[in-house]
Structures are given as C-alpha cells and as structure tokens.
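Reviewing the structure listed below.
The values are calculated or read from the model by the stated rules, or taken from the named source; none is laboratory data. Please read all numbers here as calculations on a predicted model, not as lab measurements. Neighbour counts are summed over all protein chains in view; Cβ atoms, including those assigned to glycine, are modelled from backbone coordinates with ideal geometry.
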C-alpha cells in the first residue's frame with residue numbers, strides 16, 4: 001500500500017515535514033548501506049564540547065572533515081613519537097661512542 005501512504009502524507013503533512021521525512025529515510029538508508037562495507041562503516045564517539053571545539057577549529061584550518069582531522073593528528077603524533085625515539089636512540093649511541101673514546 002505504498003500509494004496509500006503517499007496519499008496520506010500529501011493529505012496530512014506539510015511540505016516541510018514531508019521533506020524532513022524524506023531526508024530521514026535517505027539518511028537511514030545511507031547509514032544502512034554504508035554499514036555493509038568496512039571502509040564506509042561509521043562509528044560514533046562522544047566528545048566534550050571543548051575537545052570538539054578544538055578539533056573543529058583544527059579541521060577548519062586543515063580544510064577537512066572531523067574524521068580526516070583526527071586521522072591526520074593521530075598520524076602526526078605517531079610520526080612525532082617515532083622521530084623522538086630515533087633522536088633519543090641517536091643521542092644514546094653518540095654518548096656511548098664518545099664515552100668509549102676516552
């Protein structure tokens with residue numbers, strides 16, 4: 001009875017509510033189909049407002065989405081950590097070399 005539903009909607013709902021209903025249905029379908037594939041599956045996280053605000057500002061600076069900003073910042077933190085470990089290792093090796101020369 002889809003035609004009956006469409007008739008009821010046109011008779012009883014304002015165009016604005018009809019539009020909102022269509023948007024909600026499209027969003028639900030998109031979430032459903034995106035959830036079927038791992039690379040399009042979405043996860044939700046809760047953020048404190050101040051964290052969201054900082055992340056949002058950073059995403060705007062980078063010209064990207066919040067998800068892209070998180071991915072970028074995590075990658076940068078990982079690179080920074082790796083560089084720090086490398087520098088520490090080089091310092092230790094240099095220190096050993098200098099102490100062996102004495």
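Answer with yes or no whether residue 43 is outside any helix (DSSP H, G or I), at pLDDT below 90 and out of contact with any helix residue (DSSP H, G or I) (no Cβ under 7 Å at 6 or more places or on another chain). It is true that residue 43 is outside any helix (DSSP H, G or I), at pLDDT below 90 and out of contact with any helix residue (DSSP H, G or I) (no Cβ under 7 Å at 6 or more places or on another chain).
Taken across segment 35-46, residues that are surrounded by 11 or more Cβ atoms within 10 Å (Cβ to Cβ) and within 30 Å of residue 76 (Cα to Cα) do occur, with at least one present. For residue 80, the test of being more than 17 Å from the chain's Cα centre (by Cα) and not in a loop (DSSP other than H, G, I, E, B) is passed. Of the residues making up segment 2-25, not a single one is at positive phi and loosely packed, with under 11 Cβ neighbours inside 10 Å.
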